[in-house]
Each structure stands twice: as structure tokens, then as C-alpha cells.
Amino acid sequence: MSTETAPCKGEDIQISVVVPLYNEEESLPELEAWIRRVMEANKFTYEIIFVNDGSTDHSWEVIEKLSKQNPHVRGVSFRRNYGKSPALNTGFARTRGKVVITMDADLQDSPDEIPELYRMITEDGYDLVSGYKQKRYDPLSKTIPTKLFNATARKVSGIKNLHDFNCGLKSYRSAVVKHIEVYGDMHRYIPYLAKLAGFSRIGEKVVEHRARKYGKTKFGLDRFIHGYLDLATLWFTGKFGGRPMHFFGLWGSLMFFVGFIAAIVVGCAKLYNMYHGNHYTLVTNSPYFYIALTTMILGSQMFLAGFIGELIVRNSTTRNHYEIEYEINSTK
């Protein structure tokens with residue numbers, strides 16, 4: 001359940017700014033004023049969508065006040081804290097601008113970057129432009145894990161030109177945010193989600209990283225652990241989500257075959273020793289027999305997991321849902 005302020009009407013909106021936030025009451029008036037100055041200086045038509053992620057301070061009261069002062073301000077408030085990804089997904093669903101820009105509410109992202117981020121989408125033809133905070137005001141305990149995290153994300157996703165996947169300052173063509181679903185903690189991998197959805201024109205812009213002015217960070221070191229697990233999930237679902245048998249069936253068959261051959265070798269070794277009068281032991285006394293048996297069982301289970309996965313995919317209502325960008329002479 002959420003509450004939402006009434007949207008402004010009647011104009012063609014060029015830019016939608018989505019700002020997820022949690023307990024940022026001090027920074028909101030300054031951020032709104034800064035965004036408004038940039039928009040008015042560049043004569044952009046715009047909307048600002050603040051998504052209050054269950055704040056326990058007076059953030060929502062501040063948003064209500066700002067919406068009365070500025071008709072371009074909209075607001076959504078969650079009943080409890082869900083996380084940044086649900087907040088972004090909710091904001092994306094409500095955007096009406098041709099270009100969507102996301103930024104954090106803590107004033108570490110500069111709204112002065114908005115005009116160039118907008119230009120890169122509308123003129124340079126990018127689907128998504130991600131900010132790169134090349135010079136950061138963070139301790140080494142945060143910057144070193146961040147570099148390792150981004151290096152892994154580049155390798156797995158294949159998006160070689162991005163240095164900062166998790167930067168909150170990004171711009172998108174409207175179609176991108178309408179065709180991706182950001183859930184769990186997947187906001188770290190929005191460029192990867194966009195790529196999996198077929199939006200391959202992904203660029204990067206060096207942006208200013210400002211020191212936090214109010215409050216404290218809402219993220220701990222556990223985000224790096226969760227981040228790697230989410231990356232593994234995205235890689236697997238992106239590669240095998242529509243054909244699970246290609247993974248489970250292949251490795252299951254391979255494991256079963258290896259275990260079966262190993263069991264035959266163990267049995268043949270006993271028969272050979274019996275035939276030549278050599279010392280031999282029972283097959284069940286050999287640890288290799290149990291290793292071979294376990295491998296066969298695991299292989300069978302993996303194969304069955306792939307088969308069940310295929311049945312689930314076959315009955316999915318979205319199994320033949322494909323994103324079509326262009327079509328000529330359609331009969332529909």
C-alpha cells in the first residue's frame with residue numbers, strides 16, 4: 001500500500017527524475033531546489049518523483065510540502081521499508097518523461113550532470129548512460145571492495161565499458177525503464193538487466209562524487225556479499241532461464257556417465273583380480289564405489305531438475321514473449 005501525490009498534467013515531459021530515499025529529510029529541500037534550478041536554466045519540462053521507502057523521520061512530510069510549492073514534484077510513500085530496488089521499480093512505473101534520470105537523495109549526486117546525461121540519450125543515441133564516480137570520497141574499506149565488485153560485474157555481464165555499475169546517477173531512454181523489472185537488490189545491475197532486455201547501447205559518463213552532507217550511509221558491507229549472489233542469479237537466469245535443461249541436463253548427464261564408468265571400473269578391477277588369483281576386496285568395501293554411486297545419483301537429480309525446469313518454462317505464460325522494437329507492414 002502506498003500514497004501518491006497528484007501528478008501535474010498537460011505538458012509533454014522531457015525528463016523524469018526518480019529519487020528513492022530513506023530518512024533523508026534534511027537533504028530533500030536542497031535537492032529539490034537544485035534540480036529545479038537546473039531544469040529551469042535549461043528550459044526542460046520535467047517531473048521529480050520522490051519514492052519514500054518507509055522512512056521513519058519526517059521525509060514524507062517534507063515531500064508533501066515540496067509538492068505544494070512545486071507542481072512538478074510527485075511522491076510515493078511505502079508503508080514500510082522495502083529497499084532501493086522496489087523503490088526504483090515503483091518510480092519507473094510512474095514516469096512519463098522521454099528520458100528518465102535516477103539519483104540518490106543524499107546530495108552525493110550532482111543535478112548539474114542532468115543536461116549532459118539527457119543529451120547523451122537524445123543526441124548520442126544511448127539507451128542507458130551510467131555515471132562513473134572516478135574520484136570518490138569514501139574510505140578504502142569501501143573503495144577497494146567496490147573496485148573488485150565492478151571488475152567481476154564487467155567480466156560476468158560482458159559490459160566492458162562500465163566502471164561503476166552501482167552508481168545511483170543514471171539516465172535512461174523511457175523504453176528501458178518500462179521493459180525491465182528491478183527487484184530484490186538488482187538495482188546494482190540495472191545495466192545488465194537492460195542488456196538482457198535487448199538494450200545494448202550502454203554508455204558511461206564521469207560524474208562528480210560529493211561528500212555526504214547529512215545523515216549517514218544506509219548500506220553496509222553485506223551488500224557486497226549479496227551483490228555477488230545477485231550477479232550469479234542474473235548470469236544464470238540470463239543464460240539458462242529459458243532453457244534449464246541445457247545446464248542441468250548437460251552436467252547431470254556428464255556426472256551420471258562419469259559415475260557409471262567409475263562403477264564399471266571398480267567392478268572390473270575386482271573381476272580381474274579374482275581371475276588372476278590376486279587379493280581382492282568386496283566392491284562395497286571400496287570408497288570409489290560410493291563416490292561413483294553418489295556421482296550417479298547427483299547426476300540423475302540434476303537431469304530431473306532440468307526436466308522439471310523445462311516443464312515449468314513450457315507452462316509459463318511469458319515463454320514466447322519477445323521484445324519487438326520495430327515492425328513493418330504489421331497486419332495487427
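Stretching V258 away from R37 to a fully extended chain increases their span by 72.8 nm, per 0.36 nm per residue minus the current alpha-carbon distance.
In plain terms, the chain from T56 to S200 could stretch by 48.0 nm, reckoned as 0.36 nm per residue minus the Cα-Cα distance. When a/c is below 1.5 the answer is rounded, else prolate if a/b is larger than b/c, else oblate, so apply that to region 254-295 with a ≥ b ≥ c taken from the square roots of the Cα gyration tensor eigenvalues. Oblate, since a/c reaches 1.5 and b/c is not below a/b. Rounded to the nearest whole angstrom, the semi-axes of the ellipsoid equivalent to region 61-119, taken from the Cα gyration tensor as √(5λ), stand at 20, 16, 13, largest first.
Restricting the calculation to Cα atoms, every distinct pair contributes to the Kirkwood radius of region 83-199, found to be 14.7 Å.
The Cα atoms of region 16-144 cover 41, 40, 25 Å along the three principal axes, with the biggest extent listed first.
Placing dummy labels 7 Å off each Cα toward the beta-carbon, the span from R154 to L282 is 5.9 nm. Full extension of the chain between V265 and R80 yields a length gain of 60.5 nm, computed as 0.36 nm times the residue separation minus the alpha carbon distance.
The GluC sites (Glu not before Pro) of region 32-125 that DSSP puts in a loop, and whose beta carbon has at most 12 other beta carbons within 10 Å, are E123.
Values quoted throughout were computed directly from the atomic coordinates according to the rules given, and no laboratory measurement underlies them. These numbers were taken from a predicted model, which means no experiment stands behind them. Because the Cβ atoms are built from the backbone with ideal geometry, glycine has one as well, and the counts that use them run over all protein chains shown.
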